[in-house]
Amino acid sequence: LCRGGLAERLCRLQNRERSAISFWRHQCISDDKTPSDKSGVLIVKILEIFEECTIQVAICQQLEQSPVTLSPEDALINAEEPILKVLFARETAAHLKSRPQDVIHIYPPWQKLLLRNTDVPVILNTYFSQKVLLSEHSEAREKTYDRTKMLIRKNIISLALTFRLDDLDDKLHQEPSDNQVACAPQLHNNGDSKQHPLALSAVNDSLLDMVESQGAVGWREVQVQVVIQRVYCLPAREGYRSHTQGNKPLCATPGTNSDPPNVRLCLLVQDAYGMFSEVWLQPLSSTDDIEQYCRRWEGKSCCLAGMKILQRTTRGRALGLFSLIDSLWPPVVPLKVPGQSQDSEMMTTNLPPPSFCYILTVQSGEMHVEVDEEEQISNLYQPPAVHGLKEILRIDACNKRCSFWAQVLYQRLQTKHTVPINQRDILLFVTDSTLQNVVHGMPKVVAVSVTASCVLSMEIREALSAGSRLVFFKDALWGNGRIICVERTVLLLQKPLLCLAAGADLSKLTGPVRLDELDSTTQANSICALRGTVVGVNESTAFSWPTCDRCGNGKLELCPQDRELLYCNQCSEVVTTPVLKMQLEVFLSCPSRSQSTVKVKVGHEISVDLSGVTYEVQSVLGKEVGLLNCYVHSVTSRPNCVVLEEIVLL
């Protein structure tokens, strides 16, 4: 807030007001529940309650004196006493838990507002209010009421209707009773049991209208129509894990895994006015379900009901969410204009992106998400714009979402062994035809960092373990020269039905994969190709072991019948000609980095052909090493040293 500005002063005033109200209520409890000073107290008896624009409106009759000492029968109201309309803020209404026939004491500084063309005054500023219990019978009734939910009529009033901005034939010009809903679920008789729970409710097309009219508590009998822009999974927060799946579960039958993944199905939806919301649905029994939901739901219209507001978040508090929203902005079709007729549309060229977003979640047992899977793709839907890696690396922006196809060549877990494997970041080294065909100026392989918050399906994990695969990276994050898969990034093996591809199919490689050779620009945590001459061996770390020449088993045993022979348990055969394998740390002289000490850990699949010979340093020194595929552990300038490890590409 601007220092000394009106907003800051208003914020301070509201904080003081809340403190004063809390202190007054605490004082009432300490002073036997009744303030001693009765001067200026307005005493009313509630006749009717309803809600309008999140304000609770009570139609009351004024009492001349407090009926505390009277019985309920003696407290009947004289019809000649004045009728008042008392407004209670949401917090005050939640504190009072008022019902018809309750008596309320309203303490100063309440105010009376007289309106034109009406005889009923309106009472404002009712923060200092207290319910009065008439007798022991009433106290018992109060305890019973606390355990039941009061049905309160809600009048949905459109500002467009208030200011007469809509056409006369607009849908909003209905009788108020058509728009009234209850704040607790209605009971239907058996004759209506087959009817869909959303069939009788009014459909709204504005998320903001629903939030303002229904409040943070949520809406049940009213639904809002939106377009599903994205489907993804988020790690489920323990405090919000759903135990009930509602009347119509979205996911398939629960899996047999005794430890299901702690992930939640989420939707990023947009209404006809451009407003976004993130909807948290139920936890999934399997992360493999995400691909079918993406295929079936993205781009379709859906109706939401049984939602409640979990959080109102802003750009500064949810950079990841808003980077995804920014990738969908501006809209591809004109938006509706609030407060104008449904035919009025606003051009989207210079619209500022949204600055806030509501996080919605399901109310226990009340969740309804209706997706018309047979319906055509909405015009408001923006599919991922697919680009080549070469084009992405040239983007001069930060925190930009991007989608691309790539061939995964190698994967590596982060080296923090104290972190469980399923919570470690993964480095994927990928390439595509746009990088492989570059002569110079661009790397041939790029690293994609997959953070632990990016939910990977078991299908993706198994596919990467089995070998090199083409993977579609949807809504990855590009910035500061890095591609990162974060929350709301989805990795798929199948191409989405609707993708805006840049040019031809970028995923097909026309020849063998080439890596960048080691040179002065090589950085740590990258992969490269290496050639050179062995000039030294670290003898303290060198070792060798025999392997089976048939299956490659490296755990051979002595043969029980002949202790001079080796035996393979996997083949159940005697190994007469074992293959000797070694692990060495060798020092290379590399023309591309002549001033550096290059140390390479040669792995199990040794490239220097030493099989079948005993280990001697002299047999290795001077050997020419062809193109080795290596992972770069570190690059230091003092001392000038490069440490690498031989790897096998997927």
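The values are calculated or read from the model by the stated rules, or taken from the named source; none is laboratory data. These figures come from a predicted structure and were not determined experimentally. Note that each Cβ is placed from the backbone with ideal geometry, even for glycine, and that neighbours are counted across all protein chains shown. Remember, those area values only see protein heavy atoms, side chains included, never the ligands or the DNA or RNA. Shrake-Rupley method; radii C 1.70, N 1.55, O 1.52, S 1.80 Å.
Taking Lys and Arg as +1 and Asp and Glu as -1, the other residues whose beta-carbon sits under 13 Å from that of SER589 total +3. Working from label points 7 Å from Cα in the Cα-to-Cβ sense, the ALA94 to PHE356 distance is 1.6 nm. Would you tally the net charge around ALA463, using a Cβ to Cβ cut-off of less than 14 Å, leaving ALA463 out, and scoring K and R as +1, D and E as -1? Cβ neighbours under 14 Å give a net charge of -2.
Near VAL263, the amide H atoms lying under 5 Å from its own belong to ALA236, LEU284; only residues 5 or more places off or on other chains count, and H is placed 1.01 Å from N. Both numbers refer to the Cα atoms of the range 526-646; Rg and Dmax are 17.1, 57 Å. On the beta carbon distance between VAL333 and ARG482, with R0 = 35 Å, the FRET formula returns roughly 0.55. Note on the range 368-468: Cα-Cα pairs beyond 22 Å make up 49% of the total pair count. Gyration tensor analysis over the Cα atoms of the range 439-498 returns equivalent ellipsoid semi-axes of 21, 16, 12 Å (largest first, whole Å). Site pair ALA466 and VAL513 shows an inter-label distance of 1.7 nm when each label is modelled 7 Å from Cα along Cα→Cβ. Taking amide H positions as modeled 1.01 Å from N, with prolines and chain starts lacking one, the residues under 5 Å from LEU650 and 5 or more places away or on another chain are TYR410. Accessible surface of SER637, taken over heavy atoms with a 1.4 Å probe and every protein chain present, rounds to 100 Å².
Summarising the label geometry, the points placed 7 Å from Cα in the beta-carbon direction at ARG296 and ASN525 lie 3.8 nm from one another.
Only protein heavy atoms count here; under a 1.4 Å probe, GLU48 has an accessible surface of about 80 Å².
Solvent exposure of CYS28, expressed as accessible area, is near 10 Å², computed with a probe of 1.4 Å over the protein chains only. Once the chain from ALA542 to THR118 is taken as fully extended at 0.36 nm per residue, the excess over their C-alpha distance is 142.9 nm.
Phi-derived couplings, Karplus 6.51 cos²θ - 1.76 cosθ + 1.60 at θ = phi - 60°, listed residue by residue for the range 53-63: 6, 6, 9, 8, 9, 10, 7, 10, 10, 6, 10 Hz, with x used for Gly and Pro.
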